[in-house]
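Okay, structure first, notes after.
The values are calculated or read from the model by the stated rules, or taken from the named source; none is laboratory data. Just so you know, these numbers come straight off a predicted model, no measurement behind them. Methodologically, a virtual Cβ is constructed for each residue, glycine included, from the backbone with ideal geometry; neighbour enumeration extends over all protein chains shown. Only protein heavy atoms, including side chains, enter the accessible area calculation; ligands, DNA and RNA are left aside. Shrake-Rupley method; radii C 1.70, N 1.55, O 1.52, S 1.80 Å.
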Amino acid sequence: MSDRTLRILVAKPGLDGHDRGAKIIARALRDAGFEVIYTGLHQTPEMIVESALQEDVDAIGLSILSGAHMTLFPAILGRMKDRGLEGITVFGGGIIPEEDIAKLETLGVRGIFRPGATTEQIVQWVRQNVQVREG
């Protein structure tokens, strides 16, 4: 068991320009003691995966409000697999219909947070579901 602080990448993929929620989550995770890297707006799947690799993160949290979740999550997960990063926990939030959650979980998304989720719920979920990656 490592005593290294969890490293979490928070990213805004795609063309969605609304990042207030992502910034709130990034700040809440940081305030909870995690090391947080926020990528900023308009990140491509390639940019997100490259940042995850370079920053040696344990988890990636994606904020998607554009409705493109069924395109962006698979694209990111596919690129993660190509780069050997399957051990990174992926979670996300935004405007994601209930009927898409099971599909995303089947693809490998470990947690989905919809409108109304509190920062405390997300922090607690990270504490329970993300471990420091070894090696």
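Per-structure values
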quantity: Selection count where residues are surrounded by fewer than 17 Cβ atoms within 10 Å (Cβ to Cβ) and under 16 Å from Ile122 (Cα atoms), scope the range 1-20; calculated: 1
quantity: Of all residues making up the range 114-134, the number that are among the charged types (D, E, K, R) and either at positive phi or surrounded by 15 or more Cβ atoms within 10 Å (Cβ to Cβ) (or both); calculated: 1
quantity: Unique match (being in contact with a helix residue (DSSP H, G or I) (Cβ under 8 Å, 6 or more places away or on another chain), more than 29 Å from Glu134 (Cα to Cα) and not aliphatic (A, V, I, L, M)) among Gly17, Gly94, Gly67; calculated: Gly94
quantity: Hey, Leu77 open to solvent by 20 Å² or more (accessible area, probe 1.4 Å), touching a Lys or Arg at 6+ places or on another chain (Cβ under 9 Å) and over 21 Å from Arg4 (Cβ atoms) or not; calculated: no
quantity: Gly111 touching a strand residue (DSSP E or B) at 6+ places or on another chain (Cβ under 6 Å), touching a residue at least 40 places away in the same chain (Cβ under 8 Å) and buried (at least 21 other Cβ atoms within 10 Å of the Cβ); calculated: no
quantity: Count of residues meeting criterion [open to solvent by less than 30 Å² (accessible area, probe 1.4 Å) and of a type in the set (Asp, Glu)] in the range 87-108; calculated: 1
quantity: Qualifying residue in the range 33-42 (condition: part of a helix (DSSP H, G or I), among the acidic types (Asp, Glu) and open to solvent by 60 Å² or more (accessible area, probe 1.4 Å)); calculated: no
quantity: Test for Gly78: is it free of Cβ contacts under 8 Å to residues at least 40 places away in the same chain and at positive phi; calculated: no
